[in-house]
Every structure is written in C-alpha cells, then in structure tokens.
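**Q** Take this structure, written in structure tokens, and hold onto it; I'll ask about it next.
Please treat every number below as a calculation from the coordinates, not as lab data. None of the values given here were measured: they were computed from a predicted structure. Positions of Cβ are generated from backbone atoms using ideal geometry, with glycine treated the same way; all protein chains shown enter the neighbour counts.
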Amino acid sequence: MRPIIRTCCARRMVSTLQKFPFENLNGEHYLARHPNAYYQRKRAGYQGTTFENQAKLPALPVPELEETLAKYIETIKPYCQTRSQLEEQKRLCASFAAGAGPELQERLQKFSDKSRNWLSHFWDNTAYLDYNDPVVPYVSYFYAHRPLPNSHARIQSDPLLKATAIILSVLRFMELLKDESLPAELVKNHPFCMNGFSLMFNNARIPGGGRDTNVFYSLHEHNFISVAFRGNFYTLWTHNEDGEVLKPHEIWHQLYAISNSGNAYKPEPTSAGIGTLTSLPRTEWFRAYSELLLDPISKRSMETIHQSSFMLCLDMDANPVTWEEKSRFSWHGDGINRFYDKPLQFFVAENGVSGFLAEHSKMDGTPTLLLNDYVCRFMENLDAASFVGELRQQDSLPKYKPQYLPFLLTPSIREQIKQAHSKFVTATAEHELKVWHYNRYGKNVIKTFGFSPDAFVQQIIQLAVYKYLHRQLPTYEAASTRRFFKGRTETGRAVTAESVKFVTDWEDPDVTNADKVANLRASAKAHADYLKAASGGHGIDRHFFGLKSMLRNDEPVPELLNDALFKYSSTWLVSTSQLTSEYFEGYGWSQVNDNGFGLAYMLNKEWLHINIVNKPTASNLSVSRLHYYLTEAADQMFELLYKEMNQKSKL
C-alpha cells in the first residue's frame, strides 16, 4: 500500500460524506460514508454496552421556583452586611415570585417537556461556543501525567518511545469505543450519561463569525492521527487495511520519520505556525480561517486535521521539570506546536514528560479523566523490555509513511501568525501559576476524620482565602449532573452561612478548639449537602440561567436578575473543580474572573494538589500568598482533628 494514495482517497472522501445522527440521540450529527452500524456489524468484538443506559437516563429536572428562591436567600446571607440588605433580597424574590417568575417558570417547564435536557440547548452556546476569548488560556483544561516508574525508565526518557506508548494506549481505548465494550458507568447504582465518550474522537471545534460550531466524523473511517512537530502538521497512520491497530514499530517508524524529517516530509516553504492561529480570540481566528480555506491545499490539510482521531505534539525543544513548568507545558506550551481546536491533544517533551489538553465545548472532565487514567495505567502496565524489543523490529522498507500537511502561507497569513503569537505570549504571561502539592496527608487520612474528602478540601480553600483576605469570595465548585441525559455541570455554591461561622470562629482565639472543629464539621456537611442537591439537578444557578433564557426579546429583565448583589453572588472570584487520578501530577485551567483565582484540585490517597492561577495585575492578588495560607489552613485543621481523634481514642 502506498500511503500517498491512501491520503488522497481520505481527502476525496469529504465530498461523498453524508450526515448521520449519533445513535445515542444526543442531537449531534457525524459525517461518514456509512452509519456506524455498518461497521459495528463487521466487528467480531462488538458488544454494544457503552451506551446501553442512555435511553433509561432521566431528563434533567426543572426545580420548583419556590425551592430555588428559598435556596437563593440562604446562599446570599454571607454577602449581606446588614439586615436591611437581606430584607431587600427577600423583597426582590417575593416580587419575582409574584410577577415574572411564574410565567418564566411555565415557559421553561414547557420547553423542558419537549427535551430531555432543557439546559443543553442554551448552555453549550452561551458557556462555550459564543465565547470569544481564546480557548487557551481561558477555557481548555489540562492534565500532567506523572513519570513512569524506574522499571520503565527506557520509555520515560525517550520521547519517541513515550509517544508511541501514548498513541497505542489511546488507540486501545478507541477500539473499546468502536466495540462499545467500555462499560456504561454506574455511580452509587445511578447510571451516568456516556454522551461525552461519543464526542471525543475524530472531531474539531470550528471558528465562527460570532458563534463557533463543532464538526464530528465517523470513529470508524479515519484511521489516522495528526502529529505536530516544530509547528508543522503530519498525518500518522494508525490502522492497516483490515482495520487492525498497527504494531508498535510501525507507529514508531512514522514518529521517527517526522522528527527527523527533511525535504521528504517537509517541503519548503515550511507551514510552521498555523496552529498559533487557534490561540487567537475566536472572531480573529475565524477571519484567518476563512482566508486559509480559500486555498484548496490549505483547505484539504485543515479538513484532514479535523478528521484525525486526535492530536499528538512532539515538543523536542521542551524540558519541563518543576510542578509549574509541567503545568504550563500541558496548559499552553509555546503556542506554536499546538492546534487548540482539537478536543484531544497529547504532548511529549524532549525529556519524556507528557500531558494532555482538552477543548471544552462538548466534553467535561470526567470522560477525559477516564481516558487519561487508562493511558497512564496502560503505559505503567507495559512489559517495558518486550515493548522496547518490539520497536527494534526493522522492516526492510517501512510500509506506512507519514504525510506532511501543507498550508499556503500568504503574506497576510504570515502576519496574522506573527500577531497571534505575540498576543499568545502576552496572554499567558499575564497569568501567574503556582502549584500547591501537599504531602502531609491525603483523602485516606481525611476519611479517618469522618469527612467527605471533597468537602474537606473546600473548607481548606475557604479558610485559606479568609486568612489571606479577611473575607470570603463567591466560590464555584463544578457539580456533575451526569446522572441525567446529556448532563454536564451545575454550580456548587461553596460559601454558606455555616462556612462563614467556620472561618470567622477559626480565626478567633477566644473560640474553643471543640467549637472550631464542630463548626468545621457543620460547614463541610452543608457543602456536601448542597453539592449533592446540585448534582441531583436542584442547584439554583442553572435554573436562574434557564429562567432568564425564557425572556423574549422585547421583555425587560426582572429586577431580581438585574440586582447587583444577585450578580455578585454568581461572580466566581474563586472557581474550583476536582478531578483526581493517582497517575497525574497536575490538573488545571484559568481563573474564571480576572479579579480572582482558578483552583483545580486533586484528592489523592496520600497527598493533595491544587493548581493556583490568577492574573496578579488585574486582581492585585498573589498565588504565592494563597499557597502559603493553604498550607497553614491544611496544617491547622489536621492538628485540631488529630488531637480530637486522639482524645476520643483515649476515652
């Protein structure tokens, strides 16, 4: 087989593709020659279990209006400095309940009756696809993989071996999805929505003139990935003519050819820098994208990247070592050797450090967490000696050769690339990043104290912020709503009346240790209760968003929804989210509001980890100071709880 012929066929396929609805009825479509069922019937290992619970999943509920207004009053109390402020909030809620509220609630309920997830119609657009800021550093999130053990040092220290192992592990995961043999997820006997897994591979985000879109291709028809090397892009073949995953040495030979490419794979002039354009604000990237598509060669190359299963970036000039260097390597890199519109990007540095970045518009963190956890476990479970031995197999003439993807760089495009990189450097430099990696204890110890680990870390965060600023800030925690069809997230409001008492009394030397611990437990319980309600579809922020979305163009915004304190309570000056794997040593993203912090955290068995990000010039806040207070809060909480536990054991 001659790969150049295969490449041309793959490109000609675009004009013959048809539009098919995804089989799990998620409202999205994929482009293909044949529907997925055509290929699934031919797969001996097809099981059909991954999406078997989708039809059984309940619809996302619409909370009762009275319930939401009552919860709102409770969550607003910490921000009311006087009784009159609280009474004003109660008046606004009563006015809303007697006025526009019931009509908007009825409209939302009717809208919900026609859809199994009323939120998804608005949320994907408002939260992501209408968002004009660059996806990096502002929206996408990353994982930094931990190094492989010493037994795998040969793989860990060689970037091409590590990249080969990553590609093979991701391909194994893809085969599970093709066979639909990945088990449907159950959490506490609740089936969880698997929709994100159908949207992971062979796709891309597409810039728009005001709203972006997504394009999806068949998982079965495009058996190649994209590889980025020094700002250029290549197609790397992943399967043979019979649809079987290539052998390790067949993958490695292609990576070697790319990383040692001369004129055979990179004809002059070079197309380096196209990926930098994806770091622009979306409307600016749309203008450059539209210009690129005017050239048929550039258009074919762009379509090939979109169709590819995922992106792997070889960063042979990068050698990240510290926590912060590894986080920045995975979060944004150099802005050149990336294509930020691909939902799945894996990276390998010259020293073997690896990581991952996810474009966020159609997937939240739990599906990509499972994917990356699978990848890291696969690599650690490899027989390193056998794996390296397989790569030494030498074909007389490698059968599969990578294909360089050319782009026509007009003077206009070159200038836009130059400006894009300048803006990228400025934007990333505006962000300060510091990693809080805490080794004194982890979730195993937290459980012995009788706490939910997640709620406990939220208390560390609240106490640290209060120690730093002597006040609490509106705090968001992502609560997963995957128990519902197409469920994504709801807001967990971490600042409560109980958390106010906890942090203020903790800093009061006249309060007894017993009372401080009691307040800590009450605050953690209140947090866990709210998060449980939010995950069950009974938070307040998405409901208010849905009610506001029901307003017609000629209708005024109700007084409550325009109130300054109402808006402040959902101005997420501290944005948090937890995703955990024992195989990671980093996870993070940007702050949501430039006046605050972004805190991505992991709860591991023996350690805790928070990626702290902010814009110090905009916020006048320091990640280093918050880092200090996180340690102080975590230490103090441990010491009082340990003392309490010892006293109880003596009794």
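**Q** Principal axes first, then extents: for the Cα atoms of the stretch 172-238, list largest minus smallest coordinate on each axis, whole Å, largest first.
**A** Reported extents, whole Å, longest axis first: 46, 35, 22.
**Q** Then there's this: When the convex hull of the C-alpha atoms of the stretch 298-352 is computed, what volume per residue in Å³ does it have?
**A** Convex hull volume per residue, Cα atoms: 82 Å³.
**Q** May I pose another question? List, largest first, the extents of the alpha carbons of the stretch 191-300 along their principal axes, each in whole Å.
**A** Its Cα atoms span 52, 45, 22 Å along the three principal axes.
**Q** Stick to the Cα atoms of the stretch 199-251, pair each with every other, and give me the Kirkwood hydrodynamic radius in Å at one decimal. If you can, show how the numbers build up before the last one.
**A** On the way: mean 1/r = 0.0757 Å⁻¹.
Mean inverse Cα-Cα distance, inverted, gives 13.2 Å.
**Q** Sorted by packing (mean other beta-carbon atoms within 10 Å per residue), highest first, where do 275-288, 613-626 land?
**A** Numbers: 275-288: 22.3, 613-626: 17.3.
With the highest mean Cβ count within 10 Å placed first, the list reads 275-288, 613-626.
**Q** Quick one: pull the percentage of alpha-carbon pairs in the stretch 267-384 with a separation above 26 Å. The partial results should precede the final answer.
**A** Numbers: 1830 of 6903 pairs.
In whole percent, the long-distance tail amounts to 27.
**Q** Let me ask another. Nothing charged except the Cβ atoms of Lys and Arg (+1) and of Asp and Glu (-1): what's the magnitude of the dipole of the stretch 320-362 about its Cα centre? Round to the nearest 20 debye. Can you show the working numbers first?
**A** Working: 5 positive and 6 negative charges, 33 e Å.
The calculation lands at about 160 debye.
**Q** Turning to a different aspect of this structure: Please report, for the Cα atoms of the stretch 117-234, the Rg to one decimal and the Dmax as a whole number; what are they, in angstrom?
**A** Taking only Cα atoms of the stretch 117-234, I get Rg and Dmax of 18.0, 51 Å.
**Q** What's the extension gain from Ala385 to Asn189 if we count 0.36 nm per residue and subtract their Cα-Cα distance? Could you put the intermediate results ahead of the total?
**A** Numbers: separation 196, 0.36 × 196 = 70.56 nm, distance 4.08 nm.
My answer for the length gained is 66.5 nm.
**Q** Let me ask you something else. How much length would be gained if the chain were fully extended between Arg625 and Ala522, taking 0.36 nm per residue of separation minus their Cα-Cα distance, in nm to one decimal?
**A** Going from the current span to full extension adds 34.4 nm.
**Q** Provide Rg over Rh for the stretch 28-98; use the alpha carbon set for both Rg and the Kirkwood Rh (inverse mean inverse pair distance). Show your work: numbers first, answer last.
**A** Working: Rg = 25.0 Å, Rh = 17.4 Å.
Reported Rg/Rh, Kirkwood definition of Rh: 1.43.
**Q** List His527, His249, His431, His470 from most exposed to least, where exposure is judged by having the fewest other Cβ atoms within 10 Å. Each step should come with its number before you reach the end.
**A** Details: His527 28, His249 18, His431 21, His470 10.
Arranged by neighbour count, lowest to highest, His527, His249, His431, His470 become His470, His249, His431, His527.
**Q** If you build the convex hull over the alpha carbons only and average its shadow over all orientations, what do you get for the chain? Give it in nm² to one decimal. Spell out each step's value before the answer.
**A** Working: hull surface 123.6 nm².
Spelled out: convex hull of the Cα atoms, projected over all directions, averaged, 30.9 nm².
**Q** What spacing in nm lies between the two simple spin-label points modelled at Ser290 and Thr126, each 7 Å away from Cα in the Cβ direction?
**A** Taking the two extended label points, one gets 2.8 nm.
**Q** Apply 1/(1 + (r/R0)^6) to the Cβ-Cβ distance of Ser181 and Lys299, taking R0 = 22 Å, and write down the FRET efficiency to the nearest 0.05.
**A** Working: r = 36 Å, r/R0 = 1.65.
With R0 = 22 Å, the Cβ-Cβ based efficiency is 0.05.
**Q** Give me the distance between the Cα centres of the stretch 145-196 and the stretch 569-609, rounded to whole Å.
**A** 22 Å
**Q** Could you calculate, for the stretch 408-494, the ratio of the Cα radius of gyration to the Kirkwood radius, expressed as Rg to Rh?
**A** Values: Rg = 21.1 Å, Rh = 17.6 Å.
Taking Rh as the inverse mean 1/r over Cα pairs, Rg/Rh reads 1.20.
**Q** I need the trypsin sites (Lys or Arg not before Pro) found in the stretch 59-134, filtered to DSSP loop residues with at most 10 other beta carbons within 10 Å of theirs. Provide the component values of the computation, followed by the final result.
**A** Values: sites: Lys71, Arg83, Lys90, Arg91, Arg107, Lys110, Lys114, Arg116; in loops: Lys114, Arg116.
Of the trypsin sites (Lys or Arg not before Pro), the ones in loops of the stretch 59-134 whose Cβ has at most 10 other Cβ atoms within 10 Å are Lys114.
**Q** Report, as a whole number in µm² per second, the diffusion coefficient that Stokes-Einstein gives for the stretch 101-180 at 10 °C and 1.306 mPa s using the Kirkwood radius over alpha carbon pairs. Provide the component values of the computation, followed by the final result.
**A** On the way: Rh = 17.6 Å.
Rounded to a whole number, D works out at 90 µm²/s.
**Q** From the mean inverse distance of alpha carbon pairs (Kirkwood) and the Cα radius of gyration, derive Rg over Rh for the stretch 16-156. Intermediate values should be presented prior to the final figure.
**A** Values: Rg = 24.2 Å, Rh = 21.2 Å.
With Rg and the Kirkwood Rh in hand, the quotient comes to 1.14.
**Q** Compute log10 of I(q)/I(0) for the stretch 498-586 with the Debye formula, placing one identical point scatterer on every Cα and leaving out solvent, at q = 0.15, 0.16, 0.24 Å⁻¹, to two decimals.
**A** -0.87, -0.93, -1.19
**Q** As an exercise, use a Förster radius of 60 Å and the Cβ-Cβ distance of Arg91 and Arg154 to find the FRET efficiency, rounded to the nearest 0.05. Provide the component values of the computation, followed by the final result.
**A** Numbers: r = 70 Å, r/R0 = 1.16.
The calculated FRET efficiency here is 0.30.
**Q** Report, to the nearest 10°, how far helix 3-12 tilts away from the longest principal axis of the Cα atoms in the chain, using its own Cα long axis and a range of 0 to 90°.
**A** That helix lies at roughly 60 degrees to the long axis.
**Q** Same structure again: Helix 159-179 sits at what angle to the longest principal axis of the chain, using alpha carbons and giving 0 to 90 degrees rounded to 10?
**A** Approximately 80 degrees, to the nearest ten.
**Q** Let me see the P(r) profile for the stretch 392-546: every Cα-Cα distance counted, bins of 10 Å, each bin given as a percent of all pairs.
**A** With 10 Å bins starting at 0, P(r) equals 9, 23, 22, 15, 14, 11, 5, 1, 0.
**Q** Wrap a convex hull around the Cα atoms of the stretch 534-651, take a quarter of its surface area, and give that in square nanometres. Don't jump to the answer; show the numbers that get you there.
**A** Numbers: hull surface 47.9 nm².
So the mean shadow area of the Cα hull is 12.0 nm².
**Q** Determine, from the Cβ-Cβ distance of Asn240 and Ile206 and an R0 of 51 Å, the FRET efficiency 1/(1 + (r/R0)^6), rounded to the nearest 0.05. It would help to have the intermediate numbers written out before the result.
**A** Values: r = 30 Å, r/R0 = 0.60.
Computed FRET efficiency for Asn240 and Ile206: 0.95.
**Q** At 0.36 nm per residue, and after removing the present C-alpha to C-alpha distance, how many nm does the segment from Tyr256 to Arg440 gain when stretched out fully? Don't jump to the answer; show the numbers that get you there.
**A** On the way: separation 184, 0.36 × 184 = 66.24 nm, distance 4.27 nm.
Gain on stretching Tyr256 to Arg440: 62.0 nm.
**Q** How far apart, in nm, are the 7 Å Cα→Cβ label points at Glu559 and Ala44?
**A** Computed distance between label sites Glu559 and Ala44 equals 7.3 nm.
**Q** OK, next. If you line up the Cα atoms of the stretch 75-128 on their principal axes, what length do they span on each, largest first, in Å?
**A** 42, 28, 14
**Q** Report, in degrees rounded to the nearest 10, the 0 to 90 angle that the Cα long axis of helix 453-469 makes with the longest principal axis of the chain.
**A** 70 degrees
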